[in-house]
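FYI, it's all coordinate maths here, none of it is from the lab. Because the structure is a prediction, the values reported are computed rather than measured. Here Cβ is always computed from backbone atoms with ideal geometry, including for glycine, and neighbour counts include all displayed protein chains.
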């Protein structure tokens, strides 16, 4: 299983997942058809399906055009608002594309029909991949446009958060290091994804809502209320003119964690 990370729209990503034995491919969040077609030609693969996390234009805009270009193209998603949708999927449903397996993980909140996709290849030593759309970012989580903090907390802790939360030392240098890395990648016009869930538990405040420094910052102790307050702070955070890729949301994290690292 080969994953091509494709930067689009200045601060977003789409993906092309290639089944290397057959040269068939699956796109995830095909927002920019022209760019995706360039990669398809370069990799010499055949696009068989699109997995769409949610209906927003910056994740689903290219579906209709691609469906016209590739007759019989299957478009998967959990929301009727997704353009060119052919297969509506449900939580826990499993799909297969050759040796590639996909488990659909329903994570409503950013939108009421948001679906993440956990993907792996049978008998492969490669790590599995999670395509989390606008539910989980590198260093952040999505806005609660059509849902609640309770839903997002469930998404992050019970659906996506499979690693123990107590494996982290909260006041450490991980945020500084990740922010420096993101700035360098952005300066070099390189993507700031992928990450791993293990890394996210080290520096993503939205996955660390039970830890004392995060609770101290928010003035809350209940995990859902901590998450609600963090998201509100993120929504109202005034971004600096120069910042890392917004997809990473690490500028906010530095603003959030700076006081943690300074306070004793």
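Here is how the numbers come out for the structure above:
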{"quantity": "Contact order relative to length of region 2-134, as percent, for alpha carbon pairs under 8 angstrom and 6 or more apart", "calculated": "17 percent"}
{"quantity": "Ranked by how many other beta carbons lie within 10 Å on average, peptides 135-147, 1-13 from highest", "calculated": "135-147, 1-13"}
{"quantity": "Fraction of beta bridges assigned by DSSP in region 1-82 that are antiparallel (%, nearest 5)", "calculated": "60 percent"}
{"quantity": "Potential extension, residue 124-residue 9 segment - 0.36 nm per residue separation minus Cα distance", "calculated": "38.2 nm"}
{"quantity": "Solution diffusion estimate, µm²/s, Stokes-Einstein, region 2-134, Kirkwood Rh from C-alpha pairs, 4 °C, viscosity 1.567 mPa s", "calculated": "89 µm²/s"}
